[in-house]
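S.K.: Once you've had a glance at the structure underneath, I'll fire off some questions.
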Amino acid sequence: MELVFLGTGAGLPSKERNVTSVALKLLQQINEVWLFDCGEATQHQILKTSIKPRKITKIFITHLHGDHIYGLPGLLSSRSFQDGTSPLTIYGPKGIKQYVETSLAISETHLNYQLNIIEFTEGTIISDDNFTVECRLLKHGINSYGFRIIEADRIGELLVDELKADGIHPGPIYKEIKDNERTTLEDGRVIKRSDYIGPTKKGKCICIFGDTIYDHQHIHFAREADVLVHEATFASDDKDLAKNYNHTTTTEAATLAKEAHVKTLVLTHISSRYQRSDYEQLLHEAKTVFSNTYLANDLKVIPII
């Protein structure tokens, strides 16, 4: 499981930062890629990575500002020409259905796959054996949402040494033991999986926030996440600008991460007013509040381990 940052800028693209999009690669878990926001030229950024558009099965839109959605029609269209035949579902606020359907209709775009569009408000939007995805309304100029992606706990590892000690040698039987609560061996013995399995592996939790101002009410939603991806449009000294434009500063994002007891904070959605020479200072501001902070750059990959 890993995050790939396709665009880390705010509002306007720059030479160093494209507008917002981040991919969550779940290839080992469910052989899928999930996309969060799809700013202009997202499909161009994907070309610089190992991501295959046909593997993108879900796209989550935080809000309907242009720098988060203008790349969507192009990506949907191109997917048809890149062996994309499996269904794709878009989750977004009210209005995303009209935006997508109108864009495709006017351009006479015909997709080779089933496209589903689900408009949400707040609450649980996905719940299956592998993942639960919850969304919460944040505070921005328009309705903007955060997502909490919770991986289901996974079964522990087989205790191979104990299996061997009991005369159960490696082979297809190991998979059968792991997949079933009880297994009948060739010698007639019936064994319980629980006797040969290690501790349950706790699933990961990733929070990805759309544009928002800092608000202590967001703490609970981000609590104890393994990774929190949060906007940091402005530097600490530009707190008034952040408030006026409904955005967050570096230190405000770090404060939320600290208060929510997350493990790792990744800052993104950086204003184009800041140049490469400013990045070290932006990161330093956040790290003085929350040490385990990273500043995302375009194409940066962060493993979730």
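Quick note: the coordinates plus some simple rules give every number you see, no bench work behind them. Remember, it's a predicted structure, so these values are computed and weren't measured experimentally. Backbone-built Cβ (ideal geometry, glycine too); neighbour counts: all protein chains shown.
S.K.: Anything over 23 Å Cα to Cα? Flag those among Lys94/Lys300; Lys55/Lys201; Lys263/Lys287; Lys48/Lys201; Lys52/Lys201, in the order listed.
M.R.: From the list (Lys94/Lys300; Lys55/Lys201; Lys263/Lys287; Lys48/Lys201; Lys52/Lys201), the Cα-Cα distance tops 23 Å for Lys94/Lys300; Lys55/Lys201; Lys48/Lys201; Lys52/Lys201.
S.K.: Could you tally the net charge around Lys178, taking each other residue with its Cβ under 14 Å from the Cβ of Lys178, Lys/Arg +1 and Asp/Glu -1?
M.R.: 0
S.K.: Can you tell me what share of the DSSP beta bridges in the chain is antiparallel? A percent to the nearest 5 is fine.
M.R.: Counting only bridges with both partners in the chain, antiparallel ones make up about 55 percent.
S.K.: Another question about this same structure. Enter the Cα centre distance for the pair the range 35-83 and the range 127-177, rounded to the nearest angstrom.
M.R.: 26
S.K.: Shifting gears a bit: Work through the residues other than Arg154 whose Cβ is under 12 Å from its Cβ and net out their charges, Lys, Arg +1 and Asp, Glu -1.
M.R.: Result for the local shell: 0.
S.K.: Add +1 for every Lys or Arg and -1 for every Asp or Glu among the other residues with Cβ under 11 Å from the Cβ of Ile142, and state the total.
M.R.: Taking every Cβ under 11 Å from that of Ile142, the sum is +1.
S.K.: Let me ask you something else. Fewest Cβ neighbours within 10 Å first, please rank Leu6, Leu111 accordingly.
M.R.: The fewest-first ordering by Cβ neighbours comes to Leu111, Leu6.
S.K.: Shifting gears a bit: So for Asp161, Asp298, Asp83, Asp129, fewest C-beta neighbours within 10 Å to most, what's the order?
M.R.: Asp129, Asp161, Asp83, Asp298
S.K.: Taking a ≥ b ≥ c as the square roots of the eigenvalues of the Cα gyration tensor of the range 1-159, is the shape rounded (a/c under 1.5), prolate (a/b larger than b/c) or oblate?
M.R.: Taking the square roots of the gyration eigenvalues as a ≥ b ≥ c, the range 1-159 is rounded.
S.K.: Excluding same-chain residues fewer than 8 positions from Lys202, which aspartates and glutamates have a Cα within less than 15 Å of its Cα?
M.R.: Once the sequence-local aspartates and glutamates are set aside, what remains near Lys202 is Asp129, Glu151, Asp153, Glu157, Glu224, Asp226.
S.K.: Quote to one decimal, in nm, the extra length available between Ile305 and Leu47 on full extension: 0.36 nm per residue of separation minus the C-alpha distance between them.
M.R.: Fully extending the segment from Ile305 to Leu47 adds 90.3 nm.
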